Amino acid sequence: MIPLAALLMGLVLSANTCTEKTASAGATAGPSGAKWVLASLNGEAVRMPEGVETPFLSIDSLGTNVTGYAGCNRVFGTMRIWGDSIAFPGLAATRMYCQETQQTEDRFLEALNLARTWSVKDGDLILLGGKELAVFHRSEK
């Protein structure tokens, strides 16, 4: 009976630890529930041709679904946030080719694929994967 009680106590304590990490990540103004407009890729400012929308991500309030624009194609799918870790395992995109913006789009999608951690600094979302991959500004609309 004592080993069973110890096992149950361990499960309760470990569940509480996970809840605290998730709650604290959300409490630090995380990426969920916002539209994020791409500002830089690999430390270089993003500049789009005139008339072309800047790439962005919109993350639902649960932090599980993402939609956006990569420079030519629409992106959509799932994401995972746990603590300061982030992944985009279910990301897909439409399949058009736009010569003017294809290089930016490819670099943007690669940054999302390589992202492993995130932080919010001065209101900007920063995706990291051993180095700074992408910086986003929060959009009001």
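Numbers for the structure displayed
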read-out: The listed residue being touching a helix residue (DSSP H, G or I) at 6+ places or on another chain (Cβ under 9 Å), modelled with pLDDT of 95 or more and outside any strand (DSSP E or B), out of Gly130, Gly71; value: Gly71
read-out: Residues (assigned to a strand (DSSP E or B) and over 12 Å from the mean Cα position of the chain (by Cα)) located in the range 99-123; value: Lys121
read-out: Any pair with Cβ under 6 angstrom, 6 or more apart, that starts in the range 77-103 at a residue that is within 13 Å of Asn113 (Cα to Cα) and ends at one that is of a type in the set (D, E, K, R); value: Ala87/Arg80
read-out: Some residue of the range 89-98 being under 16 Å from Pro31 (Cα atoms), assigned by TED's automatic domain parsing to the domain that holds Lys35, under 13 Å from the mean Cα position of the chain (by Cα) and surrounded by fewer than 14 Cβ atoms within 10 Å (Cβ to Cβ); value: no
read-out: Residues that are touching a strand residue (DSSP E or B) at 6+ places or on another chain (Cβ under 9 Å) and either among the hydrophobic types (A, V, I, L, M, F, W, C) or at pLDDT below 95 (or both), drawn from the range 97-118; value: Phe108, Leu109, Ala111, Leu112, Leu114, Ala115, Trp118
read-out: Of all residues in the range 69-83 being surrounded by 16 or more Cβ atoms within 10 Å (Cβ to Cβ) and under 11 Å from the mean Cα position of the chain (by Cα), the one that is nearest to Leu128 (Cα to Cα); value: Ile81
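The values are calculated or read from the model by the stated rules, or taken from the named source; none is laboratory data. Treat the numbers as computed from the prediction; the structure is a model and nothing was measured. With ideal geometry, Cβ positions are generated from the backbone for all residues, glycine too; neighbour counts draw on all protein chains shown.
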